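The values are calculated or read from the model by the stated rules, or taken from the named source; none is laboratory data. All values derive from a computational prediction rather than experimental measurement. Note that we place each Cβ from the backbone using ideal geometry, even for glycine, and neighbour counts take in every protein chain shown.
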There are 4 protein chains.
Amino acid sequence: MNPIDRLTELFERFPGIGPRQARRFVHYLLSERPALRAELADAIRTLGAHTAQCVKCYRWFVKGADVAGLCTICAARPRDRSVLFVVEKDADIDNVERSGFKGLYFVLGGTIPLASEEPEKYIRLRELLSRIEADAAGTGNGGPSSVSVALKEVILGLSATTEGDHTRLLLQEKILPLAALLNFKITSLGRGLSTGSELEYADPDTIASALSSRQ
Amino acid sequence: MNPIDRLTELFERFPGIGPRQARRFVHYLLSERPALRAELADAIRTLGAHTAQCVKCYRWFVKGADVAGLCTICAARPRDRSVLFVVEKDADIDNVERSGFKGLYFVLGGTIPLASEEPEKYIRLRELLSRIEADAAGTGNGGPSSVSVALKEVILGLSATTEGDHTRLLLQEKILPLAALLNFKITSLGRGLSTGSELEYADPDTIASALSSRQ
Amino acid sequence: MNPIDRLTELFERFPGIGPRQARRFVHYLLSERPALRAELADAIRTLGAHTAQCVKCYRWFVKGADVAGLCTICAARPRDRSVLFVVEKDADIDNVERSGFKGLYFVLGGTIPLASEEPEKYIRLRELLSRIEADAAGTGNGGPSSVSVALKEVILGLSATTEGDHTRLLLQEKILPLAALLNFKITSLGRGLSTGSELEYADPDTIASALSSRQ
Amino acid sequence: MNPIDRLTELFERFPGIGPRQARRFVHYLLSERPALRAELADAIRTLGAHTAQCVKCYRWFVKGADVAGLCTICAARPRDRSVLFVVEKDADIDNVERSGFKGLYFVLGGTIPLASEEPEKYIRLRELLSRIEADAAGTGNGGPSSVSVALKEVILGLSATTEGDHTRLLLQEKILPLAALLNFKITSLGRGLSTGSELEYADPDTIASALSSRQ
């Protein structure tokens, strides 16, 4: 395959990018200075060398003065180590941080398709269960400090979609024995009216959730 | 003004209708049989005579074998008369009914604009307060039966918009003294992820609400 | 059926209106003053009495000092009576007038569905052919003046859609014998880039048309 | 700046990509195998070495068995060398090729902003004029063959936007003296209804164009 078609094809794998926009990316790069292409190529090539996946939350972070393979959030002192927020992907964390959450995270790496018989192929289930066990025992979440705090709550922060619900139910089932044994709560994000939505246009499920979570 | 322009202008007042669609409505009517136009005109002209505003919830309903000016919901026996759901407009009720709610309603008639100094111009505040007083005393909500049930909860079902929030806060302030005196709860609909929404695209406020209403 | 449901159903027949918006229209009318409802009902009821379909172009117009059943355009002196613009519906005329066209019109009343075997059920084919015959003979388009002008061109102003093209082809076939006999041209609107469109996003058909109509 | 933020910033320069999608691209790359990142980096880094800008039409193409720096279209024997299609950018050519055009191209490299006093900063004006001169003299467009064909037409294939029109007018003015001297036509793409558009929703300019290019 010729180099232009090959690069187009690689861009088509980017999330949300179709053949036409992939081709525009190549045309954009062709029109740019070679120095910028070299910089971009270098940034992509060395991405792996400059980053690491946090050994505790599996989030990607930039290597630096990190302590024992921990990302900045897992290594931070003032976080509430008794609450673990389970998310689908790295990008969710950026968004949850903006909402003011101060606990810790775990990145599942995806959701489980409805038809799947092998959840482990899609999400880090085993890793989540060992993380929870370690945290609940108060041995695994201490970060750089030596003081450890026992886990009190696991928040299942899945999307409010069919696959998200499916994944949430399976996680609940798998975590429940640990929760009973090690004495922590399993919670899910509240459903309801999201900011800006009007009652007249809300679907019945959302209204039923908003009613049951009224306060 | 000529009759076509006049009718176009009247249709432009319909919710969500601009000049172009208003004109299309007139062209549609011109192309229809005179008998259908006559039926539509008759249905609009007699709308007032065939309907009434419920004396308890201010919802519009079709007159018939109604008891003492009550709409079908207010007059229905099996509803839970201890819960009052306050909504902005009639159309909200259709939607809340679909969610399975079984209590009673009150239609405010709108929301209060942010800059307004006279809330009474926009919503039925006085009427709501007397309704609540009567219900809380157990004298006003008995419907056709003679058994009365005391009010236990007022749900403020405003939209999750800036005006909706503004109206909700004002209602809370006005209803609070009655709630303290007559012993009922004031609640609001839960905020959170609405059906189908993904964490990555949710706004920080919605995530914060979903976190605080987690369960 | 109850009057609210009946009126909702009548509004659902309006072009582009679904059940939910139809219901909002009824709620809007319920919230309006009875006087406005009466005025709207009256405007709809008397629409037929105040309007007429032009005997030459079949456009609806407001009756007044009209001459012999002609609409304002057909009756106007300074129009170019040698060009006939065939459109699908009344609303198209408003738009073509804004483009500065100064000839005459004929309203087909619709387009012919692809599967149809009976074009006459959908468009005024017979009426169009007699209008063209009269115009071509210079007897039918004189308007109020006594000077008649022979037809030189029929513009088929159909939409650039599959049904529009289908209708255009059938009209061409039906009008062609008259054109040969009575010596006038049949033309169609030029295809090409419409205002604001970019070459990169245009479809191949549009580019091919834009190429063949380049000037 | 850290490597993740730096790469995000580089992706934000891609056409149509905002900060959020740029970040998703980085997360996508982090989740991919290092081998794929290496391949992508390599494809971007060597893009310049594998491609060249055609010396005749300024389109980017993949180097290979090319003759004297010509792209595949400029070098192809069966193209009509008497027609030159001037386009804004490489991507336009892909689209025009799909419409069946068989002449040659010239890539301007952009459009001229309305306020600009220096058109040469935005488009290859000088290069276009020398190309036209060479082609018109029948010395420059022979491609690999030795038979040369004199230029008969320059098609200005600008977008139907304000900037496109502005650029087209300036090009016409600049090319006109050459056209008079060397005896070729300057044409522009036809404006009109684009595929799928309805008369009722067309703007007056488009209808006026469709009328003047009727046939």
Check: Which condition number in (1) at the interface with another protein chain (Cβ under 7 Å from one of its Cβ atoms); (2) more than 30 Å from A:Gly109 (Cβ to Cβ) is the one that B:Pro204 fails?
Finding: (2)
Checklist line | Checklist (1) touching a Lys or Arg at 6+ places or on another chain (Cβ under 9 Å); (2) at the interface with another protein chain (Cβ under 7 Å from one of its Cβ atoms) applied to A:Gly196, failing item | finding: (1)
Notebook entry, point to check: Hey, does the range A:197-215 have a residue that's basic (Lys, Arg) and either in the same structural domain as A:Gly69 (by TED's automatic domain parsing) or under 18 Å from A:Phe85 (Cα atoms) (or both)?
Noted result: no
Item checked: Filter pass, D:Tyr28 being aromatic (Phe, Trp, Tyr) and more than 19 Å from the chain's Cα centre (by Cα) -> yes
Next item on the list: Would you check if there is a residue in the range C:154-169 being free of Cβ contacts under 8 Å to residues at least 24 places away in the same chain and away from chain D (no Cβ under 11 Å)?
Entry: yes
Checklist line | Test set (1) more than 24 Å from C:Lys56 (Cβ to Cβ); (2) surrounded by 21 or more Cβ atoms within 10 Å (Cβ to Cβ) - C:Gly157 fails condition number | finding: (1)
Note to self: Quick check on the range A:196-210: of everything there that is part of a helix (DSSP H, G or I) and hydroxyl-bearing (Ser, Thr, Tyr), which residue is surrounded by the most Cβ atoms within 10 Å (Cβ to Cβ)?
What the structure shows: A:Thr206
Checklist line | Selected residue (criterion: farthest from the other protein chains (Cβ to nearest Cβ)) from residues of the range A:26-35 that are out of contact with any Leu (no Cβ under 8 Å at 6 or more places or on another chain) and in a helix (DSSP H, G or I) | finding: A:Ala35
Check: Yes or no: B:Ala22 part of a strand (DSSP E or B), outside the structural domain of B:Glu127 (by TED's automatic domain parsing), without any contact (Cβ under 8 Å) to a residue 40 or more places away in the chain and not basic (Lys, Arg)?
Finding: no
Check: So A:Arg59 clears everything in (1) out of contact with any strand residue (DSSP E or B) (no Cβ under 8 Å at 6 or more places or on another chain); (2) farther than 23 Å from A:Leu178 by Cα except one condition, right? Which one?
Finding: (1)
Checklist line | Given (1) at the interface with another protein chain (Cβ under 7 Å from one of its Cβ atoms); (2) over 24 Å from B:Tyr201 (Cα atoms); (3) at pLDDT 90 or above, number of the condition D:Asn2 does not satisfy | finding: (3)
Item checked: Residue among A:Ile132, A:Ile175, A:Ile123, A:Ile155 that alone is in the same structural domain as A:Ala76 (by TED's automatic domain parsing), out of contact with any strand residue (DSSP E or B) (no Cβ under 9 Å at 6 or more places or on another chain) and among the β-branched types (Val, Ile, Thr) -> A:Ile123
Checklist line | Boolean, D:Phe14 is part of a loop (DSSP other than H, G, I, E, B), facing chain A (nearest Cβ under 8 Å) and surrounded by 17 or more Cβ atoms within 10 Å (Cβ to Cβ) | finding: yes
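Conditions (1) within 10 Å of chain B (Cβ to nearest Cβ); (2) among the β-branched types (Val, Ile, Thr); (3) farther than 22 Å from A:Ala136 by Cα, marked per residue:
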position	(1), (2), (3)
A:Asp80	no, no, no
A:Phe85	yes, no, no
A:Glu88	yes, no, no
A:Asp92	yes, no, yes
A:Glu97	yes, no, yes
A:Leu104	no, no, no
A:Ser116	no, no, yes
Next item on the list: Count, please, the residues in the range D:104-118 that happen to be in contact (Cβ under 8 Å) with a residue 40 or more places away in the chain and part of a loop (DSSP other than H, G, I, E, B).
Entry: 6
Checklist line | Qualifying residues in the range D:19-44 (those that are of a type outside the set (A, V, I, L, M, F, W, C) and modelled with pLDDT of 95 or more) - the one nearest to A:Gly110 (Cα to Cα) | finding: D:Arg37
Notebook entry, point to check: In the list A:Leu36, A:Leu47, which residue meets the criterion of being free of Cβ contacts under 8 Å to residues at least 40 places away in the same chain and in contact with a Pro (Cβ under 8 Å, 6 or more places away or on another chain)?
Noted result: A:Leu47
Margin query: Name the single residue that is surrounded by the most Cβ atoms within 10 Å (Cβ to Cβ) among those in the range A:179-193 being facing another protein chain (nearest Cβ under 7 Å) and over 27 Å from C:Pro19 (Cβ atoms).
Written below: A:Leu189
Check: Can you tell me which residue in the range D:96-130 is modelled with the highest pLDDT, limited to those that are surrounded by fewer than 17 Cβ atoms within 10 Å (Cβ to Cβ) and among the hydrophobic types (A, V, I, L, M, F, W, C)?
Finding: D:Leu129
Note to self: Condition check: within 7 Å of chain D (Cβ to nearest Cβ) and either over 27 Å from the mean Cα position of the chain (by Cα) or closer than 22 Å to A:Asp90 by Cα (or both). Does A:Pro19 satisfy that?
What the structure shows: no
Notebook entry, point to check: Any idea which of B:Phe85, B:Phe14 is over 24 Å from C:Pro34 (Cβ atoms) and modelled with pLDDT of 95 or more?
Noted result: B:Phe85
